[in-house]
Every structure is written in C-alpha cells, then in structure tokens.
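Remarks on the structure that follows.
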C-alpha cells in the first residue's frame, strides 16, 4: 500500500510570500465535500509575479495509513512537512 505522488503548483497572486496547503481525504470535487486532514504552511517565499514560483507538494502514504505531506519551494529548497492520519484506516 505505500505510495508517493508529487505535483508542482505555482503561486496564485503577485508578491505572495506564503502558501497554505489544505489536505483532505475523499472523492468530492470540492474541498468541503471531503474530510479535512489538516494543513501546512510554507512561508518565506520570494516576492514574485503570480505563477513564477514553483512549489512541489509530495504526498507519501505509508503502510500504517500515515500520510506525510511535504511542500518545497523549488528555487530556494525551503520546505515544510506534516504527518496526517487517514480517517477509517
């Protein structure tokens, strides 16, 4: 059952220096239709135009149902991470 997935996102507004990553479990197309597992914040981003900064978010699920989420600023390598327990496992 262990698996990992990485996706790259960009900032959504000019001069954005913080990104908040909300993590949920479920199959709903909208966030409120799912179960919130938690959130993490990546701060200290360089002030830049919208879409210029790349943020890699990696989700790693281990055999015990623990979801490790890591967000990393590709340019500076600054990162933050959190561990979350999946619901119902």
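Yes or no, residue by residue, for (1) within 16 Å of residue 82 (Cα to Cα); (2) surrounded by fewer than 10 Cβ atoms within 10 Å (Cβ to Cβ); (3) under 14 Å from the mean Cα position of the chain (by Cα):
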| site | (1), (2), (3) |
| --- | --- |
| 3 | no, yes, no |
| 17 | no, no, no |
| 22 | yes, no, yes |
| 32 | no, yes, no |
| 56 | yes, no, yes |
Can you confirm whether residue 41 is without any contact (Cβ under 8 Å) to a residue 60 or more places away in the chain, surrounded by 14 or more Cβ atoms within 10 Å (Cβ to Cβ), in contact with a strand residue (DSSP E or B) (Cβ under 7 Å, 6 or more places away or on another chain) and within 24 Å of residue 83 (Cβ to Cβ)?
no
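Computed from the coordinates by the stated procedures, all read-outs in this text should not be read as laboratory data. Since this is a predicted model, take the numbers as computed values, not measurements. Note that each Cβ is placed from the backbone with ideal geometry, even for glycine, and that neighbours are counted across all protein chains shown.
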